[in-house]
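Derivation of every value follows stated rules applied to the coordinates shown; laboratory data play no part. All figures in this text were calculated on a predicted structure; none of them were measured in a lab. For neighbour counting, all protein chains shown are included, and Cβ atoms are generated from backbone atoms with ideal geometry for every residue, glycine included.
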């Protein structure tokens, strides 16, 4: 068991009866799991991480990645947005030794850890929280273990990140939270 920011994370290689968010690379092998603090898969994301609150990134933690991992990349998006999937966060070069992203990551290009952030559909760098115009929307947090670090500019979008990661993904994990306006 790994404890990060109060999150209890367990690496599981068998089927997960709780439905926890995790995925394995093609061909099997190690599995990674990602969890949020303050919400469980399929539950509501705390309002502090939304436009109704402080609009700060939620704390996320994950299990041990494959041994060849050189960095992590993560993006968050809302596939239920009225104009198509809306991107809320783009971040890469998270160090391979990291097992979490603390709450309230600064909204700037470079982070002290060496991680870099790209441009969201809010046309700014850094996390932008849930703010659905109506109803309950799903928010996907997708984490990737990569066999490299990436040389990308702050104007990098989710589409750019996905293209650059292609062929470098060792494992991935997904967490889905929901949000509805108060």
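General remarks:
- Judged by the mean number of other Cβ atoms found within 10 Å, the most tightly packed of the peptides 73-80, 156-163, 116-123 leads the ranking 73-80, 116-123, 156-163.
- Spatial separation of Cα centroids for segment 45-98 and segment 130-165, in angstrom: 7
- Spin-label model, residue 151 to residue 80: label points 7 Å out along the Cα-to-beta-carbon direction sit 4.2 nm apart.
- Here the calculated FRET efficiency for residue 54 and residue 113, from their Cβ-Cβ distance with R0 = 30 Å, stands at 0.90, rounded to the nearest 0.05.
- Annotation: peptides 85-95, 43-53, ranked by per-residue average of other Cβ atoms within 10 Å with the highest first, follow the order 85-95, 43-53.
- A Förster radius of 35 Å, combined with the Cβ-Cβ distance separating residue 64 from residue 181, puts the computed FRET efficiency at roughly 0.45.
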